[in-house]
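Read the structure below first, then the notes.
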Amino acid sequence: MGPNGAGKTTLLRCMAGILAPSRGEILLDGRPMADCSRREIARRIAYSPQESEERFGFTVRQAVLMGRHPWVSRFGSLSLEDEGATGRALSAMDLVHLSDRSVTNLSGGEKRRVALARTLAQGGGVYLLDEPAAGLDIRHALMAMRAFTSLAVTLKAAVAVVLHDLNLAAMFCPMMLMLDAGGIAAYGATPDVLTPENVARVFGVRARIDGRHVRFLEE
């Protein structure tokens, strides 16, 4: 969590191996990420950026199937596992009925769900999601958060999510890192971090927090 420009996307891009940190290093399974190939990283880390363009005339199913690219050899063909992962991702993001539609004919929220389904299909055990709920209606935002929470609970996957919705964070995230101006403002269990004092200090707004519900107060 954090206000605009706090460094959330930069942090996620460093964790995904897209940016190099200005100091220190990032380890992937105990190895410096700088020593890992892009395929190695893609087989361990699935990254969903804040914005992803769906400009070409692929069908929804084809676009989601692209998430399996790290697992297909250069001259290999798709396996039953690839097809299965794609089908499960389409179902999880409520896209089965849109499978044969061109992505260029989708709404913004539907395109966002395609991007998240592609990330789900990729797999790998680590999921980095930059504002996954942005542009989604309430039902599909909850559906997306539940899908990735399920991976964390059932498969022990690591899931890091950038969110602007404090209520979604309170509902789904057991741990929270609150950033401000490129630094750590608070870190720990979500109930310890998501406090009225921290919200006022970092976001500059007054809030009342009752368990998993955040209500903003008038000035």
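Listing for the model above:
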read-out: Projected area averaged over orientations for the stretch 12-76, convex hull of C-alpha atoms, nm²; value: 5.8 nm²
read-out: Crossing angle, helix 108-122 versus the chain [Cα axis fit, 0-90 degrees, rounded to tens]; value: 70 degrees
read-out: Sequence-separation-based contact order of the stretch 93-168, relative, with Cα cut under 8 Å and 6+ spacing, percent; value: 33 percent
read-out: Sequence of Ile41, Ile184 from largest to smallest accessible area, 1.4 Å probe; value: Ile184, Ile41
read-out: Largest-first ordering by accessible area, 1.4 Å probe, given options His140, His164; value: His164, His140
read-out: ³J(HN,Hα) computed for each position of the stretch 143-154 - Karplus, 6.51 cos²θ - 1.76 cosθ + 1.60, integer Hz, glycine/proline x; value: 4, 5, 5, 5, 4, 7, 4, 4, 5, 5, 7, 8
read-out: The chain - percent of accessible surface contributed by carbon and sulfur, probe 1.4 Å; value: 54 percent
read-out: Loop trypsin sites (Lys or Arg not before Pro), the stretch 146-219, which have at most 13 other Cβ atoms in a 10 Å radius of their Cβ (DSSP); value: Lys156, Arg206
read-out: Burial ranking of peptide ranges 101-107, 165-171 (average Cβ count within 10 Å, highest at the top); value: 165-171, 101-107
read-out: Spatial separation of Cα centroids for the stretch 154-185 and the stretch 1-56, in angstrom; value: 16 Å
read-out: Area of Asp100 that stays accessible when all protein chains are in place (1.4 Å probe, Å², to 10); value: 140 Å²
read-out: Mean Cβ count within 10 Å, highest first, over the residues of peptides 56-68, 76-88; value: 56-68, 76-88
read-out: Top positive-direction residue, dipole computed over the stretch 95-204 with Cβ charges, set Ala169, Gly123, Thr195; value: Gly123
read-out: Average Cα contact separation per residue, the chain, under 8 Å, 6 or more apart, as relative contact order %; value: 23 percent
read-out: Per-peptide average of other Cβ atoms within 10 Å, ordering 15-26, 128-139 highest first; value: 128-139, 15-26
read-out: Percent of beta bridges antiparallel (DSSP, the stretch 82-197, rounded to nearest 5); value: 55 percent
read-out: Dipole of the chain, positive end: most advanced residue of Thr10, Ser52, Gly109 [Cβ charges, Cα centre]; value: Ser52
read-out: Over the stretch 10-79, relative contact order from alpha-carbon pairs under 8 Å, at least 6 apart, %; value: 22 percent
read-out: Mean ellipticity per residue at 222 nm, deg cm²/dmol - from DSSP H runs of n ≥ 4 across the chain, formula -39500 (n - 2.57); value: -11000 deg cm²/dmol
read-out: Answer label, with semi-axes √(5λ) of the Cα gyration tensor in Å calculated from the coordinates and candidates [x] 31, 22, 15; [y] 37, 23, 16; [z] 30, 19, 16; value: [x]
read-out: Nearest-20 debye value, the chain charge dipole, Cβ charges on Lys, Arg, Asp, Glu; value: 400 debye
read-out: Magnitude of the charge dipole, the stretch 48-149, Cβ model with Lys/Arg +1 and Asp/Glu -1, debye to 20; value: 120 debye
read-out: GNM top mover of Ala115, Ala46, Ala207 - the chain, alpha-carbon springs below 10 Å; value: Ala207
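The values are calculated or read from the model by the stated rules, or taken from the named source; none is laboratory data. Computed from a prediction, not measured in an experiment: that's the story for all the values here. A quick note on method: Cβ atoms are made from the backbone with ideal geometry, for glycine too, and the neighbour counts reach across all protein chains shown. Just the protein is used for accessible areas: all its heavy atoms, side chains included, with ligands, DNA and RNA removed. Shrake-Rupley method; radii C 1.70, N 1.55, O 1.52, S 1.80 Å.
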